[in-house]
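Below is one structure, written out as structure tokens; the observations come after it.
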Amino acid sequence: QVQLVESGGSLVQAGGSLRLSCAASRSISRFLLMGWYRQPPGTQRELVARIRSGGSSNYSDLVRGRFTISRDNDKNTLYLQMNSLNPEDTGIYYCNAKVLETGGRGIVDYWGQGAQVTVSS
């Protein structure tokens with residue numbers, strides 16, 4: 001089992017910055033993939049950015065160039081640095097980890113509880 005706890009969500013004005021953190025309950029160094037998803041009001045959850053165990057990353061077209069995903073294996077923490085925020089970035093941001101578990105369970109998806117980000121115009 002893995003617990004993921006997001007923090008850093010807040011209300012911010014357009015043009016501002018926030019950094020989200022996602023603390024994992026165990027070592028993330030072998031997690032296959034970690035990512036950030038968001039769910040704007042009234043819409044489905046969408047991928048924001050993800051990063052592989054080797055460090056390569058990819059981003060949604062909506063955030064590329066403004067957001068940066070990173071992971072600190074020593075601190076077992078995933079980050080999302082968000083710059084030049086606009087009201088369309090408002091939503092609940094979820095941390096996700098895809099973990100190859102032992103005991104024949106295969107790849108398991110874990111989710112955090114979500115962090116609210118609100119960008120005012």
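The values are calculated or read from the model by the stated rules, or taken from the named source; none is laboratory data. Source: prediction; values computed, not measured. Neighbour counts run over all protein chains shown; Cβ positions are idealised from the backbone, glycine included. Areas reflect the complete protein model, heavy atoms only, side chains present, ligands, DNA and RNA absent. Shrake-Rupley method; radii C 1.70, N 1.55, O 1.52, S 1.80 Å.
Here are the numbers for the structure shown:
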read-out	value
Thr118 versus Ser70: modelled label distance in nm, points set 7 Å from Cα along the beta carbon direction	2.9 nm
Difference of contour (0.36 nm per residue) and Cα-Cα distance, Arg19 to Asp61	13.2 nm
Accessible surface of Ser10 - all protein chains present, 1.4 Å probe, nearest 10 Å²	50 Å²
Probe 1.4 Å - accessible area at Thr102, Å² to nearest ten	110 Å²
Stokes-Einstein translational diffusion, the stretch 14-121 - Kirkwood Rh over all Cα pairs, 0.890 mPa s, 25 °C, in µm²/s	172 µm²/s
Nitroxide proxy distance, nm - points 7 Å out along Cα→Cβ at Gln39 and Arg26	2.6 nm
Rounded percent of accessible protein surface that carbon and sulfur make up, the stretch 13-121, 1.4 Å probe	47 percent
Loop trypsin sites (Lys or Arg not before Pro), the stretch 1-43, which have at most 11 other Cβ atoms in a 10 Å radius of their Cβ (DSSP)	Arg30
Cα centroid separation - the stretch 105-121 against the stretch 1-46, whole Å	5 Å
